[in-house]
Amino acid sequence: MRYQEQEPVIPPQRDLDDRETLVFEHEHEYKEKTCQSAALFNVVNSIIGSGIIDFSLVLLIKGGALSGTDTYQSLVNKTFGFPGYLLLSVLQFLYPFIAMISYNIIAGDTLSKVFQRIPGVDPENLFIGRHFIIGLSTVTFTLPLSLYRDIAKLGKVSLISTGLTTLILGIVMARAVSLGPHIPKTEDAWVFAKPNAIQAVGVMSFAFICHHNSFLVYSSLEEPTVAKWSRLIRMSIVISVFICIVFATCGYLTFTGFTQGDLFENYCRNDDLVTFGRFCYGITVILTYPMECFVTREVIANVFFGGNLSLVFHIVVTVIVITVATLVSLLIDCLGIVLELNGVLCATPLIFIIPSACYLKLSEEPKTHSDKIMSCVMLPIGAVVMVFGFVMAVTNPQDCTHGQEMFYCFPDNFSLTNTSDSHVQQTTQLSILNISLFQ
């Protein structure tokens, strides 16, 4: 299918007497409204499944209130016309679609190591390989959950995912204490920023984003208002910032310069406690996956079907999107480059550039208003991160040790060549890292 020449059909809007209120008109009576706590867990699940959100999320909803629109796409269409709408649709489809691919990669890598720890199971068994696990989890979990037509139904699933994340956090903290002192530190471990630090901003942008499904969650609130949304976001941010900071700090303190894009790739396979953490982690990303599929399907529905999908097309579109994402994830096994490119090319404009640009064009507040000042700061920062982040991600890709045991998992003596610029030779005794450490 291809785009038609006429303006895209956007779901009908109503004139808003109160600019702080957005009450949506939905044509489907099956749409349930959820309480604020359910929406909270949907947001936290989306944030943690992908990271932390920031000021621009509230800015995005304010832009919707100012323009009288109820989706990210209709907001940009109202502000910048069809070219802006088309650009956003591409970005808003690609970000969650690539996120779905990354979640498949994580689930396959993580759960394969879990099943390898089952007594009597051959590690080379086809049925515990990452490809089979990705296919099985897709058919049994992610596809059925993604077939829901109402995002509110994922509230309980998101609650489970958030609870499992808490367990994982405890495991990472425990291993930072028990394992961290025995892992050699890279020479430049405590250098705060290097020339390629902008690549990290791209990865963090991938982690920070919740914008692509913010209107979906917002619409699930009873009598949604900007004030209520702001309270919800503040609660979500407090929870998510705490969890993400502790994760990042404990992970890096344990492995320093050896930290992989997927933190669980750093832990040894004979660590039973981490094996349980891997299981929880795999289930968490599987439960987060449907949130991203909802967004990809909504974009397709808005662009090609006028915002509404019949039951048949709902199923067909969902199956096609998930099938393509699954096939791509079977061909890619390195998570770092996926996170970097998705962060700089998709997440950065969705977070920094587009919400700021929309608000600056729509708002009639004075230039000295705090929201306008922040928008003027975020927009150029986003442009710089997007351009230079892409260049550095392509010219300086991350190393990927997918499927390999890290050197410190072997109890024998070894000689480690430091990977820093000085190439200092470092000899480390690791006989202490025997099986008893991981029981």
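The values are calculated or read from the model by the stated rules, or taken from the named source; none is laboratory data. Quick caveat, the model's predicted, so the values are computed rather than measured. We place every Cβ from the backbone using ideal geometry, glycine too, and count neighbours over all the protein chains shown. Please note that ligands, DNA and RNA were not included when accessible areas were found on the heavy atoms of the full protein model with its side chains. Shrake-Rupley method; radii C 1.70, N 1.55, O 1.52, S 1.80 Å.
Largest first, the residues Lys185, Lys156, Lys194, Lys78 sort by 1.4 Å accessible area into Lys156, Lys78, Lys194, Lys185.
Within the assembled protein chains, the solvent-accessible surface assigned to Lys153 is about 90 Å², based on a 1.4 Å probe. Taking packing as the residue-averaged number of other Cβ atoms within 10 angstrom, the listed peptides 291-302, 253-264 run from highest to lowest as 291-302, 253-264. Note on segment 69-105 and segment 262-281: Cα centroid distance 34 Å, given to the nearest whole angstrom.
Exceedance of the 23 Å cut-off in Cα-Cα distance is limited, within the set Lys78/Lys153; Lys228/Lys372; Lys113/Lys185; Lys194/Lys367; Lys62/Lys153, to Lys78/Lys153; Lys113/Lys185; Lys194/Lys367; Lys62/Lys153. The convex hull drawn around the Cα atoms of segment 276-408, when projected onto a plane and averaged over every direction, covers 12.8 nm².
A crude spin-label estimate for the pair Ser178 and Cys376, with each label 7 Å from Cα along the Cβ direction, gives 5.4 nm.
With a 1.4 Å probe and all protein chains left in place, how much of the accessible area of segment 36-398 comes from carbon and sulfur atoms, in whole percent? Carbon plus sulfur share of accessible area: 74 percent. The listed residues His182, His211, His131, once ranked by accessible area (1.4 Å probe) with the largest placed first, stand as His131, His182, His211.
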